[in-house]
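Take a look at the structure below.
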Amino acid sequence: MSTPHFDYLDRLEAEAIHILREVAGQFERPALLFSGGKDSIVLTRLAEKAFRPGRFPFPLVHVDTGHNFPEVLDYRDELAARLGEKLIVRSVEETIKRQRLREPGGKYPSRNPLQTYTLLEVIEEFEFDACIGGARRDEEKARAKERIFSVRDEFGQWDPKRQRPELWNVYNGRIQKGENVRVFPISNWTELDVWRYIQRENIQLPDIYFGHERTCVVLPSGQLLGLSEHLQLDDDDEIVTRQVRFRTVGDSTCTAAVESDASTVEDIIQDLLLAKVSERGATRLDDNISEAGMEDRKRNGYF
């Protein structure tokens, strides 16, 4: 009797589905944090495989900074409608007004750090005890230190010293009242794994991920930042039109594009095979605020 052949994508998929079902079994009020980016889109496909023909045991939650790419917001709404799942959207701009937070300044004002306040508000509003996210260990060194079940205290803060052992795919979701857990089902995936899974599953993505012509400002680092009404540019800034795509999707004011003619998933996979810099290293300005920029944000409650 022949045994079924599992390739490495099958194994990653099986692990992620197991984690999603563990969340459904261990927590009362989970949520899936959905940005409209490729990683959270892959999570929705995995959730379909984990729970269909039933409904997802959690809503989709999007924290809208007000600086998101319009293409991504359009895709978010279309996907939620197609899935027939509940979508909860909360606005960073409303949080700024309600909590009287200070708007970010500078030439490239990013609201990314302020997402933490809105996220903590929505967790408190709906009493979520687990929030599923699409973070991966290969993206950034702080994320490489985090467990798949990452416990946060009553203030949403992450303490690396409170990380729990995760042996033999056994996950401990036990928490005290007020605490919550951030769960990362695709933590062991790489960027290349994600794209190969997108290819295998024929997953549709926002057009922003593929090569297109865009007007950009050239940063001192040489990176290309898409022109946006939220940027505070100087008269001598260099404005160019280039063929670009985005490797990751975040605030439009802190997410740089990369030059690329890749028009298909196969083209992007070939690009990645030659890439020498991680997607966040190549594109995310907010990670370069300090050496420990991401870890500092996580300690304060960030995704």
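Per-structure values
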read-out: Between the stretch 112-187 and the stretch 96-111, the alpha-carbon center distance in angstrom; value: 25 Å
read-out: Value in Å of the Kirkwood radius, where the stretch 208-283 supplies the Cα pairs that are averaged; value: 12.8 Å
read-out: Cβ-based charge dipole, the stretch 23-147, positive-most Cα from ALA80, GLY133, GLY36; value: GLY133
read-out: Qualifying GluC sites (Glu not before Pro) in the stretch 133-164, DSSP loop, other Cβ atoms within 10 Å at most 13; value: GLU154
read-out: GNM flexibility winner over the chain from ALA130, ALA47, ALA144 (Cα, springs under 10 Å); value: ALA144
read-out: Lys/Arg +1, Asp/Glu -1 at C-beta; the chain dipole; positive extreme among ALA262, ALA275, PHE184; value: PHE184
read-out: Computed magnitude of the charge dipole of the chain (debye, nearest 20; Cβ of K, R +1, Cβ of D, E -1); value: 1180 debye
read-out: Accessible area, probe 1.4 Å, largest first, for residues GLU125, GLU71, GLU229; value: GLU229, GLU125, GLU71
read-out: Amide H partners (placed H, <5 Å) of ALA256, local residues excluded; value: ARG284, LEU285
read-out: GNM result for the chain, Cα springs below 10 Å: residue of PHE149, PHE51, PHE34 fluctuating most strongly; value: PHE51
read-out: The stretch 148-180: trypsin sites (Lys or Arg not before Pro) in DSSP loop, at most 12 other beta carbons within 10 Å; value: ARG174, LYS177
read-out: Full-extension gain in nm, ASP77 to GLN232, via 0.36 nm per residue minus C-alpha separation; value: 52.9 nm
read-out: Förster radius 41 Å - calculated FRET efficiency between GLU154 and GLU266 (Cβ-Cβ, nearest 0.05); value: 0.30
read-out: Cβ-derived FRET efficiency at R0 25 Å, LYS49 paired with GLU179, nearest 0.05; value: 0.30
read-out: Fluctuation leader among ARG164, ARG45, ARG98 - the chain, Gaussian network, Cα springs under 10 angstrom; value: ARG98
read-out: The chain: antiparallel DSSP beta bridges as a percent of all, rounded to 5; value: 60 percent
read-out: Sorted peptide list for 107-117, 247-257, criterion being average Cβ within 10 angstrom, highest first; value: 247-257, 107-117
read-out: Debye log10 I(q)/I(0) at q = 0.09, 0.18 Å⁻¹ for the stretch 34-193, Cα point scatterers; value: -0.32, -1.37
read-out: Size of electric dipole in the stretch 208-283: Cβ of Lys, Arg +1 and of Asp, Glu -1, about Cα centre, debye, nearest 20; value: 360 debye
read-out: The chain - percent relative contact order, Cα under 8 Å, separation 6 or more; value: 20 percent
read-out: Where N is the number of residues in the chain, Cα Rg divided by 2.2 N^0.38 Å; value: 0.99
read-out: Distance in nm between pseudo-label sites at LEU87 and THR241 (7 Å out along the Cβ direction from Cα); value: 3.1 nm
read-out: Segment LYS145-ARG162, extension gain: residue separation times 0.36 nm, minus the distance between their alpha carbons; value: 5.0 nm
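The values are calculated or read from the model by the stated rules, or taken from the named source; none is laboratory data. Here the structure is a predicted model, which means the values were calculated and not measured. Note that each Cβ is placed from the backbone with ideal geometry, even for glycine, and that neighbours are counted across all protein chains shown. Ligands, DNA and RNA are stripped out before the accessible areas are found, and what is left, the full protein with its side chains, is counted by its heavy atoms. Shrake-Rupley method; radii C 1.70, N 1.55, O 1.52, S 1.80 Å.
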